[in-house]
Every structure is written in structure tokens, then in C-alpha cells.
Amino acid sequence: MERLVTWITDNKVPVGAWMADLVEFIKDNTLSFFDIVAAVIGFVVDGFTNALEWVPEPLLIVALTLATYALRRSLALAGFVAFALLFVLNQGYWNATMETLSLVMFSALASTAIGVPLGIAAAHRPWLYQALRPVLDLMQTLPTFVYLLPTLVLFGLGTVPGLISTVIFALPAPVRLTHLGITSVPRPLIEAGEAFGATKSQLLWKVELPAARATIFAGITQCIMLSLSMVVIAALVGAGGLGVPVVRALNQVKVGMGFEAGFAIVLVAIALDRVCRPAEKNVPR
């Protein structure tokens, strides 16, 4: 028995070496492509962040508060958004919060733009979902530090590897929930559309997507929350944002700074969740 165990351990499958060689091969043969991608993404994200920071803080707080009320028609929620932003400003984390909002917004948009169409395609093609399921399981269970390494090698330090890693981490949510929403559409609705002569495209846009709207939006909201949960990890590769003071507090054992940044992250997360979640019908606010 010991010989069997020794033979198994001595004949290690070189998974790590294979993956390292694959990343090095990609880096050596497509380095210019990744440089261009990094430059474009960095320019767009940094430009949006600079635009947010250029607007005077009180004006931006008023604008976001009014936008929240116009979108949700809730004085309580609008007041909470104003309180959260004022707290962030009071604690001195305004610029870091703007960087975090830019990172979350672009990663959530990228994940949604990829995940929702992929979920629709998987719902209409069961074989595709069966092929995607192990990949999605791997993306959700693989420790985030593991796929930070190849993105760091390919894109270098900065916002881009943090953004790419965040997209990978958040992508399974919109794919799975879009697939769930489309496959959960009642069959009589689809049969009624077919009886009226609707094409596949018309069935998708006028029957399936409206019926699955709540589930799809739940996936998008979860995608935003997952993106925000990556801010601390993204800070480790130079992404900036609210994760930076958390990492600094951890390295320097500054308990006060850690709680300040932590409360800022929590308030931003609650505000984004309440603003972006699907509207609840017949529930007083």
C-alpha cells in the first residue's frame, strides 16, 4: 500500500507546469494584443473616474440622490444614498469610492454584456449549458487569487488585471440566472405566442425576456454585488479604490482605518443593492 502511495506521489501530474507554460505561450505570442487591450480599458476606466472626481462632491451627491428618487420613488432610499455618500466624504474616502464605482460599473457592464446573451443561448441549446456548467462551476469555486496570477502576468499591475479578474468572478451569476429565467417561462405563454405566429426572435423579445425580467435583473444585481466584493482583492494588484485602505490597514495593523473603509464599502454595497434590485410589486415603501 505504501508503495502505491509513493508511486502516485512520485508521478505527479504536472498541471501547474502545463498552466504556467500556457500562460507564458499566450504572453509571448499575443503580448502586443494584451497591451492594446490594457491601454484601452485603462483609458476608459480612468477617464470615467476622473470625470466623477471632477464634479464637485456636493453637486454629485445631490445629483445621485435625485437620480435615486427618480428611479425608485422612495424618499427613504434617496435619503440613505445621501447619507452613505456624506459618510464617505466625511471619512475622506471620496476619491477611493469613485474609483471603486468605476471598477464595479465597468466590470458589471462587461459581465452583463457577456453573461445575458450567453445565458439566453444556453437556455435555447441544452447542450451548450451542459458544456458551460463545469466551466461556470470552476469560475465560481476557483480561489480568486489563482486567476489573479495569469491576469497579472498578461496585463501587469494596475486597474486592468483587477477589472478582468472581477469580470471572471462575477460572470457566472448573470449566465446562470438568465438561463434559469428563460427556462422557467411558462410553456403556455410560449405556445400562445407560437399560436399567433410569432417568430423565434419575437418570442424572445416579447414573451421570454419580459417573463424572465425579474430573474435576469436579480442576476445583474448579484453581478454588481460580486464585483463590489472584489474591491479588496483587486487592490492587491494595483486597482485602487476602497480596497487600498483595507489592505493598508491589514499590513500596518490599523484597526480604525480598516473599520472606516469597511463601513464605506458596506454602505456603498447596500446603496447599490437597493437601487439596482428589481422593483417589488405590491409592497409599500
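The values are calculated or read from the model by the stated rules, or taken from the named source; none is laboratory data. A quick note: this is a predicted structure, and the numbers were derived from the prediction, not measured. Neighbour counts run over all protein chains shown; Cβ positions are idealised from the backbone, glycine included. These accessible areas exclude ligands, DNA and RNA; they are computed on the full protein's heavy atoms, side chains included. Shrake-Rupley method; radii C 1.70, N 1.55, O 1.52, S 1.80 Å.
Given 10 Å bins starting at zero, what is the percent of C-alpha pairs of the range 80-124 in each, up to the one with the largest pair distance?
25, 31, 22, 16, 6
Can you give the Kirkwood hydrodynamic radius for the chain, in Å, rounded to one decimal and based on Cα pairs?
By the Kirkwood definition, the hydrodynamic radius is 21.4 Å.
Expressed as a whole percent, how much of the Cα-Cα distance distribution for the range 108-151 exceeds 18 Å?
Value for the range 108-151: 41 percent of Cα pairs lie more than 18 Å apart.
When all alpha-carbon pairs of the range 60-210 are counted, what percent fall beyond 19 Å?
Counting pairs separated by more than 19 Å, the tail of P(r) holds 68 percent.
Counting just the Cα atoms, what span does the range 143-253 cover along each of its three principal axes? Round to the nearest Å and put the largest first.
Principal extents (Cα only, largest first): 66, 28, 20 Å.
Per the helix-only calculation at 222 nm, which mean residue ellipticity applies to the chain, given -39500 (n - 2.57) for every DSSP H run of n ≥ 4 and division by its residues, nearest 500 deg cm²/dmol?
Calculated at 222 nm, the ellipticity per residue is -27000 deg cm²/dmol.
What does the accessible area per residue of the chain come to in Å², with a 1.4 Å probe and no ligands, DNA or RNA counted? Please report the intermediate quantities before stating the final value.
Numbers: 16330 Å² over 285 residues.
Accessible area per residue, the chain: 57 Å².
Need one number: the % of Cα-Cα pairs in the range 1-78 sitting beyond the 17 Å mark.
Working: 2208 of 3003 pairs.
Here the long-distance tail beyond 17 Å is 74 percent of all Cα pairs in the range 1-78.
Arrange the residues 242, 4 by how much accessible surface each exposes, largest first, with a 1.4 angstrom probe.
Output order, biggest surface exposure first: 4, 242.
Radius of gyration and Dmax for the range 1-149's Cα atoms, expressed in Å?
23.2, 73
At 1.4 Å probe size, what's the solvent-accessible area of residue 2? Round to the nearest 10 Å².
Near enough 150 Å² of accessible area.
Taking only the alpha-carbon positions of the range 69-151 and ignoring solvent, what does the Debye formula give for the base-10 log of I(q)/I(0) at q = 0.10, 0.17, 0.22 Å⁻¹?
Taking Cα atoms of the range 69-151 as identical point scatterers yields -0.49, -0.93, -1.08.
If you put +1 on each Lys and Arg Cβ and -1 on each Asp and Glu Cβ, how big is the dipole of the chain around its Cα centre, in Debye rounded to 20?
Numbers: 18 positive and 17 negative charges, 193 e Å.
The dipole of the chain has a size of about 920 debye.
Would you work out the Kirkwood radius for the range 173-213? I mean one over the mean of 1/r across all pairs of different Cα atoms, in Å.
10.3
In the chain, which helices (entire DSSP H runs) extend 18 Å or more along their own long axis, judged by Cα positions, while averaging at least -0.5 on the Kyte-Doolittle scale?
Helices meeting the criterion: 15-54, 57-72, 75-91, 94-124, 126-141, 213-229, 255-276.
Using a 1.4 angstrom probe on heavy atoms only, work out the carbon and sulfur share of the accessible area of the chain in %. Walk me through the numbers on the way to the answer.
Values: 11360 of 16330 Å².
Carbon and sulfur together cover 70 percent of it.
How much accessible surface does residue 147 have with a 1.4 Å probe, in Å² rounded to 10?
The accessible area comes out at roughly 20 Å².
Just the projected area, averaged over all directions, of the convex hull on the alpha carbon atoms of the range 216-272: how many nm²?
Averaged projected hull area, Cα only: 3.9 nm².
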